[in-house]
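A.B. asks: Supplied in structure tokens, the structure appears directly below.
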Amino acid sequence: MKEFNSYTIHHIDICEVEEMPLPSFPCICYIWWESIPLGHLWMDTNIAGKIEFKTKIAEQISDGIGYYVTKSGVKNIDNWKDLFIAGATNKLEALCVQIMSPQELSWQKEIRQTISIVICTRNRAQHVDNCIKAILANSDTVFELIVVDNASDDDSTRRVVANYNNVRYISEPRKGLDIARNTGAQNAQYNIIAYTDDDVVVDREWVSKLKKCFNDPTVMSVTGQVFPIALNTRWQYIFERYWGFNKGYVPYTFDHDYFMSKLELGVPVWDIGAGANMAFRREVFDLVGWFDERLDVGAAGCSGDSEFWYRILAEGWNCYYCPQMYVYHNHRETEEALTNQVFNYMRGQVASLIVQHERYGHKGNLLRVKKILPKDYLRRFGKRLIKGNNDRESTLMTEIKGFKAGKKYYKSVKNVTPYPVIENNKPLIPQGEITGTPLVSVIVTCYNYGQYLKTCLESILGQVYPNIEIILINDGSTDNSLAVVKGFPTVQIHTTQRVGVSAARNIGVQLSKGEFVVFVDADDYLYPNAVELNLWWFMAYPNSAFISGGHNKVDQNGKWLESCNGFMRLENNYLTLLQNNYIGFPATVMFRRELFFKYHFDTQLPHCEDYDLTLNIAKHLPTVTHDKPIAAYRLHGANKSINKVKMLEIVKIILNKHLEKTDNDEIREAIERGIENFTAYYNR
């Protein structure tokens, strides 16, 4: 390989290029408008003059500028490239203000958030000191800062943190980055949990920007841009050029549609961002679990962050990449450090691909391990034989070693518990009477039920109780469902890409604003007093977690078939519910919304997800059931409950989970009775 010369890093405002001297190569130029990064230019060789320099910059920032032009909605604007290359600085500045003014960017709406910042560190006291200083210097100082000391060899990190009165120190003796991340999240007090690395220096507006990125309730994770602090050595340069954390300059929402479009070949979740600059809603850990502790540095290698993003997308939630939220990273300086880092990357990536297949059965993950990566290595190895070694291929053999190690490592831990099951102890049910007319959110889930949807929506709009919002989760319908809902302008519509009823309901909760929540499938409908009646019971029993009523069964044309009025029972319904799912279906139930800070529909259950949810709640909290019919359950050829064999199988799985967690004889007897009752019911 040729001799290496250090790369100078320049950060240049687009409106100052005309007045600045031409940079000397080798260097990298990051181009900005004020605090918005637009692109970068590698200068590996000399550039003839300013016109060529500006032309090359324009090529590199065209995607970034184009995004803001489109986002601004401004029409008939002058061509920014012509203004830039011609040196018309005043006109260019005016144009930038017009298309990139922060007030016009939707992601910068002021949203009140509380945030916990977690730094995971091991044996790098000086780095963590610099990181703390940068975070505390932020313009927004409303946050808590936690340092998780991950099995350091001495107490130097503890002594550094002791210098700061407003920083919490937590010692985690178990070695592993994802273990440390979980420890940080479990000790965090606030609803947004942000992570950065100890070798990172955050921007002064990082906290403020981070808070504003969570205005969309379906966004469960946010990542941002990462710039290098220095490129003084060949190894820092190689990492930034070919392995860097830079994910581009255009904001992007990674959603379930993106996930499904990439599924066949394995979803490249590593493109979402970097662990050095990421944040999550607290409730996502209850929704999809914790970081997989099998994927730790020193164990599998890494990729715990990307595997976590995979779960978020697979469950129907979104990840948002925001390049305006940026930090600066100290890249590894030596060949040994880079080699170790690349080995860990590939080891962790391969292990995480197999873990993802283990969890979801998505074949694209194994295809990437068995064919795509080996084929790419073979291609690059052949190229290296012909053209010789270079900076790009200098890590090839390390990558191959990491690839092999990842497969071997997974076999050694595949039966290990991936992460602890930890109860969220956040208080759920407020005490006291319910007064006034609280908002009730009715969440309708629909997949190709257009023929029934009109009746469903009319039944909700026809409620006697006035203060209702309706949220329709259209889960990838291909029939006339969207055409039907156009006739109901007050209905809020959110479209997902076939995430399943459990994920659709969970998403609906995030979008809702009501104090109480009702779930209605689009093929069912409510009676006019349904909301009023269940809310009356809440007012009579204000400490209840949910209220359930009776229902009727109707055929596909709405003809009455059978009444299921149930019975009156107050407060403790867990033992009864174990023996018989007297609730029947979710439209009869009104939940307190705050329950869903802890409890959620299990997306891994193909059936009986509502029974699983109500059992989990009734186990810990008082509930009320009454005998007044409030909803109609429609029987037709597409009902999931028709498959009685599968229904019984899932019910037994749910009940056995409760059996495994108890040594109470009364509960055991109720579960055994329940299995007998359900077996008799589904075998009749």
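A.B. asks: Just to be sure I understand the filter: pairs with C-beta atoms under 6 Å, separated by 6 or more residues or on different chains, first member in region 486-501 and basic (Lys, Arg), second member modelled with pLDDT under 95 and part of a loop (DSSP other than H, G, I, E, B). Which pairs pass?
C.D. replies: ARG498/GLY476
A.B. asks: Can I ask one more? Do we find a residue being part of a helix (DSSP H, G or I) and over 28 Å from LEU533 (Cβ atoms) anywhere in region 608-616? Before you say what the answer is, go through the steps one by one.
C.D. replies: Initially, region 608-616 is screened for residues part of a helix (DSSP H, G or I), giving 609-616.
If we keep only those that are over 28 Å from LEU533 (Cβ atoms) as well, we get none.
Checked region 608-616: no residue is part of a helix (DSSP H, G or I) and over 28 Å from LEU533 (Cβ atoms).
A.B. asks: ASN191 fails exactly one of the following numbered conditions: (1) farther than 27 Å from ALA314 by Cβ; (2) surrounded by fewer than 19 Cβ atoms within 10 Å (Cβ to Cβ); (3) at pLDDT below 95. What is the number of that condition?
C.D. replies: (1)
A.B. asks: For LYS262, state whether it is among the basic types (Lys, Arg), surrounded by fewer than 19 Cβ atoms within 10 Å (Cβ to Cβ) and either in contact (Cβ under 8 Å) with a residue 40 or more places away in the chain or closer than 21 Å to GLY184 by Cα (or both).
C.D. replies: Details: among the basic types (Lys, Arg): yes; surrounded by fewer than 19 Cβ atoms within 10 Å (Cβ to Cβ): yes; either in contact (Cβ under 8 Å) with a residue 40 or more places away in the chain or closer than 21 Å to GLY184 by Cα (or both): yes.
Here the answer is yes, as LYS262 does meet what is asked.
A.B. asks: Give the residues of region 620-647 that are among the aliphatic types (A, V, I, L, M) and either buried (at least 18 other Cβ atoms within 10 Å of the Cβ) or in contact with a Leu (Cβ under 8 Å, 6 or more places away or on another chain) (or both), sorted by residue number. Spell out how you get there, then give the answer.
C.D. replies: From region 620-647, those among the aliphatic types (A, V, I, L, M) are 621, 624, 630-632, 635, 638, 642, 645, 647; that's our starting set.
Residues satisfying the conditions are LEU621, VAL624, ILE630, ALA631, ALA632, LEU635, MET647.
A.B. asks: Another one. With respect to PHE280, is the statement that it is closer than 25 Å to GLN510 by Cα and in contact with a helix residue (DSSP H, G or I) (Cβ under 9 Å, 6 or more places away or on another chain) true?
C.D. replies: Yes.
A.B. asks: Another one. Does any residue of region 385-396 turn out to be part of a helix (DSSP H, G or I), over 24 Å from THR417 (Cα atoms) and in contact with a Ser or Thr (Cβ under 8 Å, 6 or more places away or on another chain)?
C.D. replies: If we filter region 385-396 for residues that are part of a helix (DSSP H, G or I), which is where we start, we get 385-387, 392-396.
Next cut, over 24 Å from THR417 (Cα atoms) only: 385-387, 392-396.
Filter once more, so that each one left must be in contact with a Ser or Thr (Cβ under 8 Å, 6 or more places away or on another chain): 395.
Yes, because at least one residue in region 385-396 is part of a helix (DSSP H, G or I), over 24 Å from THR417 (Cα atoms) and in contact with a Ser or Thr (Cβ under 8 Å, 6 or more places away or on another chain).
A.B. asks: While we're looking at this one, here's another question. Go through region 584-599 residue by residue and tally those that are assigned to a helix (DSSP H, G or I) and either surrounded by fewer than 21 Cβ atoms within 10 Å (Cβ to Cβ) or under 27 Å from the mean Cα position of the chain (by Cα) (or both).
C.D. replies: Result for region 584-599: 6.
A.B. asks: State all residues of region 380-406 that are of a type in the set (Lys, Arg) and either surrounded by 12 or more Cβ atoms within 10 Å (Cβ to Cβ) or within 20 Å of PRO268 (Cα to Cα) (or both); if no residue qualifies, say none.
C.D. replies: Our first condition is that a residue be of a type in the set (Lys, Arg); within region 380-406, this holds for 380, 383-384, 387, 392, 401, 404.
Those that are of a type in the set (Lys, Arg) and either surrounded by 12 or more Cβ atoms within 10 Å (Cβ to Cβ) or within 20 Å of PRO268 (Cα to Cα) (or both): ARG380, LYS383, ARG384, ARG392, LYS401, LYS404.
A.B. asks: For residues in region 229-263 being out of contact with any His (no Cβ under 7 Å at 6 or more places or on another chain), β-branched (Val, Ile, Thr) and assigned to a loop (DSSP other than H, G, I, E, B), which is nearest to TRP317 (Cα to Cα)? It would help to see each step written out before you state the result.
C.D. replies: Quick first cut of region 229-263, residues out of contact with any His (no Cβ under 7 Å at 6 or more places or on another chain) only: 230-235, 237-238, 241-244, 246-262.
From the residues that got through so far, the ones that are β-branched (Val, Ile, Thr) too are 233, 238, 250, 253.
Next, from what is left, pick out any that are assigned to a loop (DSSP other than H, G, I, E, B): 233, 250.
Details: THR233: 40, VAL250: 20 Å.
Only one residue tops the list, namely VAL250.
A.B. asks: Does any residue of region 14-24 turn out to be under 19 Å from LYS209 (Cβ atoms) and not aliphatic (A, V, I, L, M)? Lay out the reasoning, then the answer.
C.D. replies: Pass one, region 14-24, residues under 19 Å from LYS209 (Cβ atoms): none.
No, that holds for no residue.
A.B. asks: Also: Please note which helices (runs of 4 or more DSSP H) are completely contained in region 299-381 and include at least 2 residues that are out of contact with any Leu (no Cβ under 8 Å at 6 or more places or on another chain). Don't jump to the end; show me each part of the working.
C.D. replies: Working: elements: 304-314, 335-360, 363-367.
Per the criteria, 304-314, 335-360.
A.B. asks: Does ILE132 satisfy the criteria of being part of a helix (DSSP H, G or I), under 27 Å from MET325 (Cα atoms), under 29 Å from the mean Cα position of the chain (by Cα) and not acidic (Asp, Glu)?
C.D. replies: Numbers: part of a helix (DSSP H, G or I): yes; under 27 Å from MET325 (Cα atoms): yes; under 29 Å from the mean Cα position of the chain (by Cα): yes; not acidic (Asp, Glu): yes.
The answer is yes for ILE132.
A.B. asks: When you go through (1) in contact with a helix residue (DSSP H, G or I) (Cβ under 8 Å, 6 or more places away or on another chain); (2) surrounded by 20 or more Cβ atoms within 10 Å (Cβ to Cβ); (3) of a type in the set (Val, Ile, Thr); (4) under 22 Å from SER35 (Cβ atoms) one by one for VAL226, which number turns out not to apply?
C.D. replies: VAL226 satisfies every listed condition except (1).
A.B. asks: I need the full set of residues from region 154-198 which are acidic (Asp, Glu) and part of a loop (DSSP other than H, G, I, E, B), in order please.
C.D. replies: Going through region 154-198, the residues acidic (Asp, Glu) turn out to be 154-155, 172, 178, 197-198.
Of everything in region 154-198, those that are acidic (Asp, Glu) and part of a loop (DSSP other than H, G, I, E, B) turn out to be ASP154, ASP155, ASP198.
A.B. asks: Out of all the residues in region 506-536, which are more than 23 Å from LEU635 (Cβ to Cβ), small (Gly, Ala, Ser) and in a loop (DSSP other than H, G, I, E, B)?
C.D. replies: Correct list: SER512, GLY514.
A.B. asks: Checking VAL226 against (1) in contact (Cβ under 8 Å) with a residue 40 or more places away in the chain; (2) outside any strand (DSSP E or B), only one condition comes out false. Which one?
C.D. replies: In the conditions (1) in contact (Cβ under 8 Å) with a residue 40 or more places away in the chain; (2) outside any strand (DSSP E or B), VAL226 misses (2) alone.
A.B. asks: Right, something else. Of the residues in region 446-478, how many are more than 25 Å from the chain's Cα centre (by Cα), closer than 19 Å to ARG634 by Cβ and not in a helix (DSSP H, G or I)?
C.D. replies: Looking only at that region, the number is 4.
A.B. asks: Okay, next question. Give the residue, chosen from VAL651, VAL589, that is modelled with pLDDT of 95 or more, closer than 30 Å to ARG311 by Cβ and of a type outside the set (Gly, Ala, Ser). Give the derivation first.
C.D. replies: Values: VAL651 fails: modelled with pLDDT of 95 or more.
Of the residues listed, the single one that is modelled with pLDDT of 95 or more, closer than 30 Å to ARG311 by Cβ and of a type outside the set (Gly, Ala, Ser) is VAL589.
A.B. asks: So, one more: Take ILE493 and decide whether it is surrounded by 23 or more Cβ atoms within 10 Å (Cβ to Cβ), over 13 Å from ALA587 (Cβ atoms) and of a type outside the set (Gly, Ala, Ser). Please lay out each step first, then the result.
C.D. replies: Working: surrounded by 23 or more Cβ atoms within 10 Å (Cβ to Cβ): no; over 13 Å from ALA587 (Cβ atoms): yes; of a type outside the set (Gly, Ala, Ser): yes.
The answer is no for ILE493.
A.B. asks: Residue under question is THR253, and the condition is that it be β-branched (Val, Ile, Thr) and either surrounded by fewer than 18 Cβ atoms within 10 Å (Cβ to Cβ) or without any contact (Cβ under 8 Å) to a residue 24 or more places away in the chain (or both); does it hold?
C.D. replies: Numbers: β-branched (Val, Ile, Thr): yes; either surrounded by fewer than 18 Cβ atoms within 10 Å (Cβ to Cβ) or without any contact (Cβ under 8 Å) to a residue 24 or more places away in the chain (or both): yes.
Yes: the conditions hold for THR253.
A.B. asks: Only one residue in ILE47, ILE85, ILE61, ILE28 is touching a helix residue (DSSP H, G or I) at 6+ places or on another chain (Cβ under 9 Å), on the phi < 0 side of the Ramachandran plot, part of a loop (DSSP other than H, G, I, E, B) and crowded, with 17+ Cβ neighbours inside 10 Å, so which one is that?
C.D. replies: Values: ILE85 fails: part of a loop (DSSP other than H, G, I, E, B); ILE61 fails: part of a loop (DSSP other than H, G, I, E, B); ILE28 fails: part of a loop (DSSP other than H, G, I, E, B).
Of ILE47, ILE85, ILE61, ILE28, the one residue that is touching a helix residue (DSSP H, G or I) at 6+ places or on another chain (Cβ under 9 Å), on the phi < 0 side of the Ramachandran plot, part of a loop (DSSP other than H, G, I, E, B) and crowded, with 17+ Cβ neighbours inside 10 Å is ILE47.
A.B. asks: Do any residues in region 191-209 that are on the phi > 0 side of the Ramachandran plot have Cβ atoms under 7 Å from those of residues that are crowded, with 21+ Cβ neighbours inside 10 Å and not in a strand (DSSP E or B), where the two are at least six apart or on different chains, and which pairs are they?
C.D. replies: No pair meets every condition.
The values are calculated or read from the model by the stated rules, or taken from the named source; none is laboratory data. Quick caveat, the model's predicted, so the values are computed rather than measured. Heads up, the Cβs are rebuilt from the backbone with ideal geometry, glycines too, and the neighbour counts pull from every protein chain shown.
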